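What follows is a single structure, written as structure tokens, with notes after it.
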Amino acid sequence: MTDTAGSGGSVKLKLDGVAKNFGGVRAVSGVSAEVKEGEIFSIIGPNGAGKTTILNMTSGFYHPDEGSINFEGTDISQTLPSKIASLGISRTFQNIALFRGLTVLENLMLGRHVLMKTGVLAAFAYWGPAQREEVEHRERVEEIIDFLKLTDLRKTPAGALAYGLQKRVELGRALASEPRLLLLDEPMAGMNQEEKEDMVRYVLDVNQEWGTTIALIEHDMGVVMDISDHVMVMDMGERISFGTPDEVRGDPRVIEAYLGTTDHKEVA
Amino acid sequence: MEWQFLFELTINGLLTGMMYALIAVGFVLIYKSTDAINFAQGEFVMIAAIVVAGMATNYGFPIIAAIAVGLVFMIIFNIVLERVVLRPMIGRPIVAIIMATIGLALILQGAGPLVFGAGTKPLNIGVPDEPLIWGPLFMTPIDVVGAGISIMFLAIFGWFFMKSRKGVAMRAVADSHMTSMAMGINVERYFALAWILAGVVALLGGLVWGSAIGVDTQMAALGLKVFPVVILGGLDSIIGVVVGGLIIGVCEALAAGYIDPLVGGGTKDFTPYVLMILVLMFRPYGIFGKPIIERI
């Protein structure tokens, strides 16, 4: 679907032998992967495979115990989440993490926080340059609101929105920071068919029109196989397969991971 | 004459109420941005007033210089407090933070008089003592000045939280620490900012109340007045603080004027708490507090 697929786009994100333990549980062990500029990269796998842990490490909430994570040539393995956000990675959460008491508009404006010039006293300096900057940010946020068709909900507290809309607002907030890498943790989970189709369209639009590199976790196989340029399959903390959707689909290890066992084993 | 008495009680109640609001807003600042309940806010007010009054009476500082010392002290004190005591508690159960602030309150009550002595000190910020007489109305000048200061700063804070970027970020931090981090918000820095602001507000409260009632450890009891005010108005609302403060102020004044003479006094002191309990029964998040949004 995109001409960058599989071709030699530069590497956006590189995981190199990444491992993470929680107490005695090895959540991720020795996973390596490359996400290329401009592609949609999906991570799939059964529950507990370590997918979200990978995302959490990429966004800095956990730090890998072994291996390294590289974003645009910078090692971000031990970098704090707030710093990573300012480097150009933004994300959504599996369980929606909007600011529930704040309006949709405020949520999106906060998405631009990393792009805003800061300074303790800048808060009180509303006039002059600060105001001009504010207006610019507001314009970009309005574009996103327009794009995601949230116009009527601007002033609604995010917590009061229906589930599907909250997911959409969260996508909007992630986009507001103009990320160069967008991490989506199950963007379509719990949605009905119509909401899913909407979300798929938004994700594709973001990828194609804005050229944003996207790494996502998703359980809906139909969606993953349709939109991804590359798919990484994980099971029990390990990478068990990697390739284009077609390559992955035919991989016996993938089938085994999903169905629990293969026929010949059952016989044996 | 009866309506004049009522009028006078009400006006003075409103003025006192605005001054309560000034104390309560420090509490709300902390709650709004860190979700923590600060039981030491009254002690902050007391300690700020003790430092200013102590510098002025014990060391003969001019009042402006004493206030400057107080301001610097409160800022440094709150930065240290946040860094040393409260930051390690981020992510712990909220009850741990509450207990820490209660402990802090007791320490401050004990430590407050150590440096400048325990006696009641006057605090004169240049407001005259003679009552303002306006027709049949008697008002204490410091109450008027205090209410004015209070209105001004509450307006500033209200604007800050609703409109300014930093204020919105602060509300975001209160809403979710983790999500704020993902937005690139430096959560620790906002915590520090909240405590600094609370310290500055405590100084203002200390100046106003210290001038009105004199400076000693009794001032810490003002912190207890904060609870009916914020419960009434809503823990996280600046407007709520004003309305809560005004209601409490007027109720106290009316109780003192009408009920105390009948029963021999004392009702003034507990009326606010009766109101508080009634509010908790019928509207636990206060008049302006945000109800917890729950989708079922």
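Quick look at the values:
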read-out: Kirkwood Rh and Cα Rg combined as Rg over Rh, evaluated for region A:51-198; value: 0.99
read-out: Residue (of B:Ser180, B:Ile94, B:Val80) at the positive-pole extreme of region B:26-215, dipole from beta-carbon charges; value: B:Ser180
read-out: Fewest-first ranking of B:Trp209, B:Trp134, B:Trp195, using other Cβ atoms within 10 Å as the exposure measure; value: B:Trp134, B:Trp209, B:Trp195
read-out: Debye, to nearest 20: dipole size of region B:112-252, +1 on Lys, Arg Cβ, -1 on Asp, Glu Cβ; value: 520
read-out: Selected from B:Gly223, B:Gly205, B:Gly265 as most flexible by GNM, with chain B as the system and alpha-carbon contacts under 10 Å; value: B:Gly265
read-out: DSSP bridge orientation in the protein assembly as shown - percent antiparallel, rounded to nearest 5; value: 60
read-out: Where only C-alpha atoms are counted, convex hull volume of chain B per residue in Å³; value: 150
read-out: Förster-model FRET efficiency, 56 Å R0, B:Ile259 and A:Glu178, C-beta, rounded to 0.05; value: 0.35
read-out: Inter-label distance for B:Ile213 and B:Arg83, nm, one decimal - labels placed 7 Å from Cα along Cα-to-Cβ; value: 3.3
read-out: Helix-only CD estimate at 222 nm, as mean residue ellipticity for chain A, using -39500 (n - 2.57) per DSSP H run (n ≥ 4); value: -10500 deg cm²/dmol
read-out: Computed magnitude of the charge dipole of chain B (debye, nearest 20; Cβ of K, R +1, Cβ of D, E -1); value: 1100
read-out: Nearest 10 degrees, 0 to 90: helix A:193-209 Cα axis against chain A principal axis; value: 80
read-out: Other-chain or far-sequence residues with amide H under 5 Å of A:Ile43's (modelled H); value: A:Leu216, A:Ile217, A:Glu218, A:Met232
read-out: Partner chain coverage, peptide B:162-175 - average Cβ within 10 angstrom; value: 6
read-out: Shape category assigned to region B:128-224 from the gyration tensor of Cα positions, a/c cut at 1.5; value: prolate
read-out: Sorted by Cβ density within 10 Å, fewest first, the residues A:Val135, A:Val31, A:Val169, B:Val72; value: A:Val135, B:Val72, A:Val31, A:Val169
read-out: 3J(HN,Hα) from dihedral phi, region A:94-106, Karplus parametrisation 6.51/-1.76/1.60, rounded to Hz, x for glycine, proline; value: 4, 9, 2, 10, 7, 7, 5, x, 9, 6, 4, 4, 5
read-out: Estimated D of chain A in µm² per second, where Rh is the Kirkwood radius over Cα pairs and Stokes-Einstein applies at 20 °C, 1.002 mPa s; value: 110
read-out: Isotropically averaged projected area of the protein assembly as shown, using the convex hull of Cα atoms (one quarter of hull area), nm²; value: 32.6
read-out: Size of electric dipole in region A:136-218: Cβ of Lys, Arg +1 and of Asp, Glu -1, about Cα centre, debye, nearest 20; value: 220
read-out: Per-peptide average of other Cβ atoms within 10 Å, ordering B:213-221, A:192-200, A:240-248 highest first; value: B:213-221, A:240-248, A:192-200
read-out: DSSP H segments from chain B that extend 18 Å or more along their own axis, Cα-based, with Kyte-Doolittle mean of -0.5 or above; value: B:2-34, B:41-59, B:63-81, B:94-116, B:141-162, B:187-213, B:238-254, B:267-282
read-out: Summed side-chain charge close to B:Ala221 - residues other than B:Ala221 whose Cβ falls under 15 Å, Lys, Arg +1, Asp, Glu -1; value: -2
read-out: Residue among B:Met18, B:Pro128, B:Gly112 farthest towards the positive dipole end of the protein assembly as shown, charges placed on Cβ; value: B:Pro128
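Here, each number is a calculation from the coordinates, and none is a lab measurement. Quick caveat, the model's predicted, so the values are computed rather than measured. Quick reminder, even Gly has a Cβ in these numbers, built from the backbone with ideal geometry, and neighbours come from all protein chains shown.
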